[in-house]
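Reading through the structure tokens given below for one structure.
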Amino acid sequence: MFSVIVYGRNDSHGYNLHKRAAISFNAIAEVMSDPDDEILFVDYNTPDDHPTFPEAIQDTLTDKAKQVLRIFRVRPEQHVHLKSKTHLVALESQSRNIALRRSNPRNRWILYTNTDMLLVPRREGESLSMIFGDLPDGFYQIPRFELPEMLWEAAFDRRDPAGNLTKLRDWAVRFHLNQVVHNFMPMKYDALGDFQAALREDMFTIHGFDEDMLLGWHCDSNLAARLALYRGRVDTLIDKVFGYHCDHTRVAAVNNKGRLTKMNDQDRFIWDVSSPYLPSQADTWGWPDVQIEEIRLDRDTSYERFVAGLSAAMEPATEPYRSTNLDWHLYSDLTYDLHHTLPFVCDQVLTYPRSTAVMLVASRAELVSSFTKAWSAMGFTGSVLIPSECKGLPEAHPSIKTGAFSDLVGMADLFIFEFGLASQTQRETVRLGRSASPSDTKSLNTVARLFALAASIEPETRPKGRRLPRRFIGVNVIYNKFWPLFTDHIVANINPFCSQVLAGIPRRDASLKGKVLRFRGRIGV
Amino acid sequence: MPLYQRALDLEPMFDEALEGLGQALDVLGYIELAAEKYAAARRIRAETRLGAPDRHFVLRQRGHFRAEVLAYDNVIWSLKKNTLPYIARGNAFLASGQPDAALANYNQALRLKRDLPAVAALKGEALSILGRYSEAVESLSVAVEARPNDAEALGGRAIARLGLGLLGEANTDWRRQFELLQGRAAACACVALRMADWALALPELDRALEKEPHDPYWHLYRLTARRRLEMPADLADLPSIGGWPGALLALHAGRITPDEILKRADTDDRHAEAIFQLGVLAFDRDRKVAEAYWQELVERFPPSLIEHATARNELARRPS
């Protein structure tokens, strides 16, 4: 019957976002009763190494919310062409249009709202699906009622949407919450963007939201102006449903700088709108030709993929724990526990697109075979690229593609460099002061040389069309002699030794030191 | 509340008054009664037949827009130099059958901002309704030149050109409009009907019926197209439709007489539809009788009607 369209990213947009969003997702799902109903969340520009926002809060969502939620992940690389035109990190018009293009065509209605709204049918027992089912064609809005932060934060249970809606019905009367704020036409009400219901067919006809609106604010008013022209009136659903907004003014959101807030031009996008149509974006709105990843929380989840990957790659531990040691005198000992490390390596890659091609430059054959098994079992379809300069590594797995480093580097979306001892076996106790053998040293020198080269030439070797720097993951680069090398070239956080892994993008140090470092990397010194 | 009630006594189908009354009742706590009023207003809107789907979006709107006019009056009090309020108010007038008031608002918008092809198209539509076809063609041509793919402006210009007697030019615009509307079956069907291109219309009508199987006009026009293409009438699959245009379907099925259909045609538009269909039914028997009906239609009814354009094209094909 209807598709709800919301958007956001895995960041901290305003106060206690996680709770607001969980309350909202669960409450909206609670008032859906048609099997075609869906909540479309566009996760816009979350960094590649983070999960999407709904994945990050999935444990606080109800089963029903997980069933109706479809997440469309827009990668930073897909946003980068707009980066110079906006100060914002998430774009409303683009997000809403991407969802609209991919919404269920069986649904007659699209409902635009935000992830801090609770929609309460006035007649108990009635669902929003039932309300939309009886509604004649039109463009509908409702007033937004504010809910003080204390109430939703202190009294709502995220996973009890029915209880929350009951509380709201009580509070509305007891605390005089229901104040309708009328506004100029065509807006009709204040804060209109929290409930705008339009026919899906109308939204396609008028070419979606205006994607020239890149500076934030007023996208809802622009839509109201255009739909008011198209439909001739702005209808109300105030007799059917009340909408409550979880107020979040304790901390201003990043796009709210008081009087200094940058925003879209009101005259251009509201008061001088002359047509509902946007012919200039008729064929491009919602990025119809762009492959947008879809993620579900009720099937094939990240956790399930992670478990599948690791289960394919290793057996459970047979001892209660194993030990390592970060004493400084063990600085040159490059032994590490591969089975303990592999989960942290997989954790670094899991959030990347499944089509990602990863270059794996390693010393230990066992890491390559284990990682490749895990990679494949985690559902990645891209290749594991292994440079032929690295000797003695497995090549048989169907995911593995070998070739000269110079041929493969331009295909890689992601890099993993492993600094271990080729001669180490999994059964060995680690960090007891073991030295590298000559063959270990030879392998390590190759890994180090290719690492410095890859980091130094990363900008000019990116796959065609790619604009953002690629991420480098270092395995066994904490508190050992390859730590300085890795962090000289890569901007990485300080991570606990136990994780064995550092990651980041190549350092773009414009100083003489940086230039010398990159020059040495290029020529293999 | 008494004022809304009085308005409703005068005009029971006044949807905006019903909604206003509902709002007043709701605020006073009569929630169930309010819900009834809102529901009644929505029922009226749902039952109102919209304008032809190939026309400008404003001309597809139907009903009362008094509340919109008043709302934009208020906006214009505060924002005199922006165009949207004038355009929206003009649209409300145009949709409620007041083209002269609409024209004044469009002119004001164009005084504020000259380069507005969308408003030039609206102005052209208002002029066309006022019968000022020459000015209408001029204004719609401004819109078409600025946006050659504006299907609505092309359709509007075709009608204005028809008003000037320029059937060939009108058909040129409709052919282009038909190309631009590909994928929108109902709109395409209407354009093909205006051109009296029955072979082009029939598959579009079939598609329109698939999407809106209960729309009586798609049944009627499909029946008409099949007759004009000398195909079997396919009367068995017709739905049972009371009122109008069910009577026209009954006419095709031979269940009512020509005199009876003319009696039942209680509005100008219905009268035009009845005359047109009488011509269609007469065509096989006596071409001259059919042409007499269609001639009457083009002389008495405006070129914006689908039947008017169809009749003009049929008459133009008369053997010399």
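The values are calculated or read from the model by the stated rules, or taken from the named source; none is laboratory data. Quick caveat, the model's predicted, so the values are computed rather than measured. Please note: Cβ atoms are built from the backbone with ideal geometry, for glycine as well, and neighbour counts cover all protein chains shown.
Give, as residue ranges, the helices (runs of 4 or more DSSP H) completely inside the stretch A:18-84 that count at least 2 residues that are charged (D, E, K, R).
Correct list: A:63-68.
Among the residues of the stretch A:23-31, is there at least one that is surrounded by fewer than 20 Cβ atoms within 10 Å (Cβ to Cβ) and touching a residue at least 40 places away in the same chain (Cβ under 8 Å)?
no
Scan the stretch A:234-252 and give yes if some residue there is loosely packed, with under 15 Cβ neighbours inside 10 Å and closer than 26 Å to A:His79 by Cα, otherwise no.
Yes, because at least one residue in the stretch A:234-252 is loosely packed, with under 15 Cβ neighbours inside 10 Å and closer than 26 Å to A:His79 by Cα.
Which strands (runs of 3 or more DSSP E) sit wholly inside the stretch A:425-525 and have at least 1 residues that are out of contact with any helix residue (DSSP H, G or I) (no Cβ under 7 Å at 6 or more places or on another chain) and under 20 Å from A:Asp407 (Cα atoms)?
Here the list reads A:471-475.
For the stretch B:111-136, name all the residues that are farther than 25 Å from B:Asn82 by Cβ and crowded, with 24+ Cβ neighbours inside 10 Å. Give the derivation first.
The initial filter retains those residues of the stretch B:111-136 that are farther than 25 Å from B:Asn82 by Cβ, namely B:128-136.
Residues satisfying the conditions are B:Ser128, B:Ala136.
Filter the stretch A:119-150 down to residues that are more than 14 Å from chain B (Cβ to nearest Cβ) and touching a Gly at 6+ places or on another chain (Cβ under 7 Å) and give me whichever is surrounded by the fewest Cβ atoms within 10 Å (Cβ to Cβ).
If we take residues in the stretch A:119-150 being more than 14 Å from chain B (Cβ to nearest Cβ) and touching a Gly at 6+ places or on another chain (Cβ under 7 Å), then A:Phe145 is surrounded by the fewest Cβ atoms within 10 Å (Cβ to Cβ).
Would you point out the residue of the stretch A:434-454, among those that are among the basic types (Lys, Arg) and at pLDDT 95 or above, that is farthest from the chain's Cα centre (by Cα)?
This residue is A:Lys442.
Here are some residues: A:Leu199, A:Leu151. Which one is under 20 Å from B:Tyr38 (Cβ atoms) and in contact with a Phe, Trp or Tyr (Cβ under 9 Å, 6 or more places away or on another chain)?
Of the residues listed, the single one that is under 20 Å from B:Tyr38 (Cβ atoms) and in contact with a Phe, Trp or Tyr (Cβ under 9 Å, 6 or more places away or on another chain) is A:Leu199.
Just one of the numbered conditions (1) farther than 23 Å from B:Leu94 by Cα; (2) among the charged types (D, E, K, R); (3) at the interface with chain A (Cβ under 9 Å from one of its Cβ atoms) is not true of B:Arg6; which one?
(3)
Within the stretch A:267-280, track down each residue that is closer than 14 Å to A:Leu223 by Cβ and in a helix (DSSP H, G or I). Before you say what the answer is, go through the steps one by one.
Taking the stretch A:267-280 and keeping what is closer than 14 Å to A:Leu223 by Cβ, we get A:269-270, A:273, A:275-278.
Listed by number, the residues that qualify are A:Phe269, A:Ile270.
Every residue, every condition in (1) within 30 Å of A:Asn178 (Cβ to Cβ); (2) buried (at least 17 other Cβ atoms within 10 Å of the Cβ); (3) not charged (D, E, K, R), yes or no:
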| residue | (1), (2), (3) |
| --- | --- |
| B:Glu36 | yes, no, no |
| B:Glu47 | no, no, no |
| B:Pro53 | no, yes, yes |
| B:Leu70 | yes, no, yes |
| B:Leu79 | yes, yes, yes |
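For the stretch B:291-318, enumerate the residues that are among the aliphatic types (A, V, I, L, M) and assigned to a helix (DSSP H, G or I).
Hits for the stretch B:291-318 are B:Ala292, B:Leu297, B:Val298, B:Ile306, B:Ala309, B:Ala311, B:Leu315, B:Ala316.
Does A:Asp283 qualify as being assigned to a helix (DSSP H, G or I), in the same structural domain as A:His13 (by TED's automatic domain parsing), without any contact (Cβ under 8 Å) to a residue 24 or more places away in the chain and surrounded by fewer than 16 Cβ atoms within 10 Å (Cβ to Cβ)?
No, not satisfied.
Answer yes or no as to whether B:Ala104 is in the same structural domain as B:Ala136 (by TED's automatic domain parsing) and out of contact with any Cys (no Cβ under 9 Å at 6 or more places or on another chain).
yes
For the stretch A:26-57, name all the residues that are touching a helix residue (DSSP H, G or I) at 6+ places or on another chain (Cβ under 8 Å) and among the charged types (D, E, K, R).
Passing the criteria: A:Glu30, A:Asp34, A:Asp37, A:Glu38, A:Asp43, A:Asp48, A:Asp49, A:Glu55.
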